[in-house]
Amino acid sequence: MHILAFGEVMLRFTVADKMMLEQCDNLHMTTVGTGVNLLSSLSHFGYDTSILTVLPDNPIGKKAAADLRKLGISDKKIIYQGKSMGSFFVELGQGARPERVTYQDRLSSSFSQMPAENYNFEKALAGVDIVHICGISLSLTEQTRSAALKLAKMAHEMKKIVCFDFNYRMSLNENNTHETMKARYQEMLPYVDTIFGSKRDLTDLLDYQEADEKKLYQQFCQDYQISFFAGSRRTFIDDKKYFEGFLFHHDKIYESSPKELNILDRIGSGDAFASGVITGLLEKWDFVDTLEFAIANSVLAQASMNDSPIFEKQDIFNYLDNKGTNDLIR
């Protein structure tokens with residue numbers, strides 16, 4: 001089973017020792033991105049993975065590709081062109097101070113400036129079973145939007161399973177109207193089989209008016225012929241943070257139990273959840289078992305540093321078997 005992700009690869013600079021950026025002189029650099037995070041987790045679960053992206057044709061791009069290989073992601077479909085990568089700074093939260101992310105210019109990156117016609121999508125899809133496309137590509141540039149849509153159409157025509165993550169970001173759409181973004185997502189959705197998102201994506205972005213959650217998901221999946229709609233959410237119980245997930249399939253909502261969070265770094269939590277759901281669907285597990293596995297993967301990811309999960313299946317099973325209480329591995 002081979003899984004391909006299309007999306008932006010970025011450099012993450014993490015401020016040391018939970019200090020604020022203004023206080024710090026040392027930064028830790030890692031290579032991340034929605035596709036990177038998802039594939040890192042899936043590669044550690046034993047699947048063949050590769051990423052279709054554009055990196056700068058210089059030592060920065062080569063360093064990023066080397067990082068991807070370390071995560072178990074094939075770099076054979078990477079295109080090297082241009083000189084720039086998007087990047088962001090992370091200040092880890094502590095107590096009442098939340099985690100903060102500050103982006104640098106993403107729109108001039110090699111990925112954002114790559115014309116759709118310069119990709120060989122047919123070649124990239126050869127031997128691929130599942131394609132994952134990140135919704136952020138609809139918010140970056142005309143080039144990334146066109147490329148994402150063209151890839152989705154071709155993968156759909158070739159009978160590949162197409163996964164899509166809403167990943168809508170207000171900060172990337174300050175110059176786009178609501179109707180513009182709604183139309184972009186509506187154009188993409190007919191080519192998608194499995195979607196990761198939230199109730200808010202449907203009501204606030206796509207303007208669905210249905211209040212009943214089951215009827216809302218039912219209408220959405222019928223409108224676009226979606227097989228699976230899954231998402232995660234954070235809740236508070238007795239002032240403690242919990243994480244839980246849902247999966248809608250064939251007019252039924254499946255839900256996980258809430259699992260307590262002890263957050264070290266929450267970035268990439270949705271990607272860890274998505275990789276867990278994809279794993280359960282591939283393995284044909286019971287849907288509730290799939291959600292339990294996906295939420296456990298995300299809880300562990302949030303208790304570790306950096307975006308990209310590197311847990312193996314047995315790590316997740318150990319967490320579930322011990323209900324998160326095992327504090328020593330021998």
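Restricted to region 310-329, and to residues there that are outside any loop (DSSP other than H, G, I, E, B) and not polar (S, T, N, Q), the residue that is least open to solvent (accessible area, probe 1.4 Å) is I316.
In the set Q104, Q143, which member is without any contact (Cβ under 8 Å) to a residue 40 or more places away in the chain, surrounded by 15 or more Cβ atoms within 10 Å (Cβ to Cβ), touching a strand residue (DSSP E or B) at 6+ places or on another chain (Cβ under 9 Å) and of a type in the set (S, T, N, Q)? Criteria check complete, one pass: Q104. F243: in contact (Cβ under 8 Å) with a residue 40 or more places away in the chain and either under 30 Å from H2 (Cβ atoms) or in contact with a Ser or Thr (Cβ under 9 Å, 6 or more places away or on another chain) (or both), yes or no? So F243 passes the test. Residue count for region 153-179 under the criterion of being within 28 Å of A126 (Cβ to Cβ), in a helix (DSSP H, G or I), open to solvent by 60 Å² or more (accessible area, probe 1.4 Å) and of a type outside the set (D, E): the result is 2. Read through the list (1) open to solvent by 30 Å² or more (accessible area, probe 1.4 Å); (2) over 15 Å from F45 (Cα atoms), then give the number of the only condition that K259 fails. With (1) open to solvent by 30 Å² or more (accessible area, probe 1.4 Å); (2) over 15 Å from F45 (Cα atoms) applied to K259, the lone miss is (1). Flag: G268 does not match the condition of being among the small types (G, A, S), open to solvent by less than 30 Å² (accessible area, probe 1.4 Å), touching a Gly at 6+ places or on another chain (Cβ under 9 Å) and touching a residue at least 12 places away in the same chain (Cβ under 8 Å).
Every condition in (1) at pLDDT 95 or above; (2) more than 17 Å from N306 (Cβ to Cβ) is met by K70 except one, and the failing one is (2). All of K182, K150 fail the test of being part of a helix (DSSP H, G or I) and either of a type in the set (D, E) or under 20 Å from V54 (Cα atoms) (or both), apart from K150.
The values are calculated or read from the model by the stated rules, or taken from the named source; none is laboratory data. Owing to the predicted nature of the structure, the values given are computational and were not obtained by experimental measurement. Positions of Cβ are backbone-derived with ideal geometry, glycine not excepted, and every protein chain shown enters the neighbour counts. Note: accessible area is taken over every heavy atom of the protein model, side chains too, but ligands, DNA and RNA are not part of it. Shrake-Rupley method; radii C 1.70, N 1.55, O 1.52, S 1.80 Å.
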